[in-house]
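The values are calculated or read from the model by the stated rules, or taken from the named source; none is laboratory data. Please read all numbers here as calculations on a predicted model, not as lab measurements. All Cβ positions, even for glycine, are placed from backbone atoms using ideal geometry, and neighbour counts span all protein chains on display. Heavy atoms of the whole protein, side chains included, go into the accessibility calculation; ligands, DNA and RNA do not. Shrake-Rupley method; radii C 1.70, N 1.55, O 1.52, S 1.80 Å.
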Amino acid sequence: AAYPKRLKTIPDSPYYLFYKGRLPADDVPSLAVIGARNCSIYGQEIAQCFCKILAENGIQIISGMARGIDGYAHKGALEGNGYTCGVLGFGMDECYPKEHIVLKRELETKGGVITEYPLGTPGLSQNFPARNRLIAGVSDAVLVIEAAKKSGTLITVDFALDQGKMVYAVPGRIGDRLSEGCNEIIKDGGKIVLSPEDILPEFHLKLKKGLQKQLTQKNKIVLERQEKIVYACLSLEPR
């Protein structure tokens, strides 16, 4: 009876699921946030900031608990005190990557983790493409933040399109390897996303007033003249 309704409608839905924590609610908007494992500092910032705000506004964040964008998406949702679910490509008693063991435990207590693989199944590369259909399946739409032209992220996008789900993408610089996938999605008709406010109306939600102020307020730190010169040379990229 607890089996997620969204998964019942996808092709090749799993016969059974293992889970810890809470399953995604069927009656609450659900967004998959995915992207490159070797993401940039910019991608980290976008994933964490967007997911924090979206979670605060009542959207469930779904991702694959992988390195990079996935991990930062989960962390952002947890910061926003919202629900987030990790869809695993291994057994519930395993953890891949190993450095996400603390994140996995936090998801188990504050959100949820689900997998179709039985206990003892390691994180083998052939498991993850199949896992991606569940990330798309348990979501209402997919947001891509940084993806190379040929990447596993785009497998999830293909599953989402086959399932009739909307696909969003954050644009990037022309010529940037991690932006090629996102820019192609937009070129092919995916919806461009420049802020969390671009997604909320799709779920019939409005940005909370306090968060609107948080987004628009300027940094009030006063810098000396020489500090200003240094600061003007910096961006989100390490230097």
Residues in segment 203-229 that are open to solvent by less than 80 Å² (accessible area, probe 1.4 Å) and either of a type in the set (A, V, I, L, M, F, W, C) or at pLDDT 90 or above (or both) total 6
Can you name the residue in segment 101-132 that is open to solvent by less than 20 Å² (accessible area, probe 1.4 Å) and part of a helix (DSSP H, G or I) and, of all such residues, is nearest to GLN163 (Cα to Cα)? ASN132
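Is at least one residue of segment 137-146 more than 18 Å from ARG6 (Cβ to Cβ) and either part of a loop (DSSP other than H, G, I, E, B) or open to solvent by 60 Å² or more (accessible area, probe 1.4 Å) (or both)?
yes
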Within the bounds of segment 41-51, is there any residue that is in a loop (DSSP other than H, G, I, E, B) and either acidic (Asp, Glu) or within 19 Å of ASP140 (Cβ to Cβ) (or both)? no
Could you look through segment 64-81, keep only residues that are within 26 Å of SER13 (Cα to Cα) and out of contact with any Ser or Thr (no Cβ under 7 Å at 6 or more places or on another chain), and pick out the one that is surrounded by the most Cβ atoms within 10 Å (Cβ to Cβ)? ILE69
So ARG173 clears everything in (1) in a loop (DSSP other than H, G, I, E, B); (2) within 16 Å of the chain's Cα centre (by Cα); (3) not aliphatic (A, V, I, L, M) except one condition, right? Which one? (2)
Within segment 107-123, is there a residue that is touching a residue at least 60 places away in the same chain (Cβ under 8 Å) and closer than 29 Å to ASP188 by Cβ? no
